[in-house]
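The values are calculated or read from the model by the stated rules, or taken from the named source; none is laboratory data. Computed from a predicted model, the values in this text were never measured in an experiment. Because the Cβ atoms are built from the backbone with ideal geometry, glycine has one as well, and the counts that use them run over all protein chains shown. Protein only, heavy atoms only, side chains kept; ligands, DNA and RNA dropped before computing areas. Shrake-Rupley method; radii C 1.70, N 1.55, O 1.52, S 1.80 Å.
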Amino acid sequence: MKITRTPRTPERRKRDLLRRLETEMDIWVPTADADGVPCLVPLWFVRHEECLWLATRPATPTGRNLREGRRARLALGDTLDVVLIDGDAEMYGVDEVPADAAAAFLAKTGWDPRADEAPYVFFRVRPRTVQARNGEHEMRGRFLLRDGNWLV
């Protein structure tokens, strides 16, 4: 297959990325336990103050793996329009989560994990790297953020 489209500029990629983080509800969360057993789930998320906030039950494989590993890789999209976010994960109990982050989560998703009967925790993922590409022709220049700093 020959690709004839022009790659997006870095500025356009960042605008597209920020729009997706505002409008998309689900983000893929792959994790692995200490033995390397993988787990892949979609979770609702919100971007709030440069971080991504997720909620899950603390006893799930994803909850345990994020809590113990303290690192996250998150993914949006399919293989032709993908965003990969690597970052540091920190767990917050429902009584510890900042009120503004929980309010942003509720406003976006319509769900408040703090009010659920089942126990939930929040994870704040502080991005360290962000890659965005729409097809093979955008492999060059796919990094938009490195070491927590925007390149664009």
Can you tell me which residues in the stretch 90-110 are open to solvent by less than 60 Å² (accessible area, probe 1.4 Å) and farther than 30 Å from R12 by Cα? Y92, G93, V94, V97, P98
Test each condition in (1) surrounded by fewer than 17 Cβ atoms within 10 Å (Cβ to Cβ); (2) over 24 Å from T23 (Cβ atoms); (3) of a type in the set (V, I, T) for V41 and report the one that comes out false. (2)
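For (1) at pLDDT 95 or above; (2) part of a strand (DSSP E or B), each residue gets a yes or a no:
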| position | (1), (2) |
| --- | --- |
| V82 | no, yes |
| Y92 | yes, yes |
| D95 | yes, no |
| A101 | yes, no |
| A104 | yes, no |
| R114 | yes, no |
| R124 | yes, yes |
| R128 | yes, yes |
| R140 | no, no |
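Which one of G87, G77 is crowded, with 16+ Cβ neighbours inside 10 Å and at positive phi? Steps first, please.
Numbers: G87 fails: at positive phi.
None of the other options fit; the residue is G77.
Can we say A59 is out of contact with any Cys (no Cβ under 8 Å at 6 or more places or on another chain), within 24 Å of E117 (Cβ to Cβ) and aliphatic (A, V, I, L, M)?
Details: out of contact with any Cys (no Cβ under 8 Å at 6 or more places or on another chain): yes; within 24 Å of E117 (Cβ to Cβ): yes; aliphatic (A, V, I, L, M): yes.
For A59, the condition - out of contact with any Cys (no Cβ under 8 Å at 6 or more places or on another chain), within 24 Å of E117 (Cβ to Cβ) and aliphatic (A, V, I, L, M) - is met.
Just checking, does the stretch 10-25 include any residue being touching a helix residue (DSSP H, G or I) at 6+ places or on another chain (Cβ under 6 Å), open to solvent by less than 50 Å² (accessible area, probe 1.4 Å) and either aliphatic (A, V, I, L, M) or free of Cβ contacts under 8 Å to residues at least 24 places away in the same chain (or both)? Don't jump to the end; show me each part of the working.
Kept after step one, since they are touching a helix residue (DSSP H, G or I) at 6+ places or on another chain (Cβ under 6 Å), are these residues of the stretch 10-25: none.
So far as the stretch 10-25 goes, no, none of its residues is touching a helix residue (DSSP H, G or I) at 6+ places or on another chain (Cβ under 6 Å), open to solvent by less than 50 Å² (accessible area, probe 1.4 Å) and either aliphatic (A, V, I, L, M) or free of Cβ contacts under 8 Å to residues at least 24 places away in the same chain (or both).
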Those residues that are in a strand (DSSP E or B), touching a strand residue (DSSP E or B) at 6+ places or on another chain (Cβ under 7 Å) and open to solvent by 50 Å² or more (accessible area, probe 1.4 Å), I need them from the stretch 142-152; list them, please. F143, R146, W150
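Could you please find all residues in the stretch 44-56 being open to solvent by less than 80 Å² (accessible area, probe 1.4 Å) and either more than 20 Å from the chain's Cα centre (by Cα) or not basic (K, R) (or both)? Show your work before the answer.
Our first condition is that a residue be open to solvent by less than 80 Å² (accessible area, probe 1.4 Å); within the stretch 44-56, this holds for 45-48, 51-56.
Selection gives F45, V46, H48, C51, L52, W53, L54, A55, T56.
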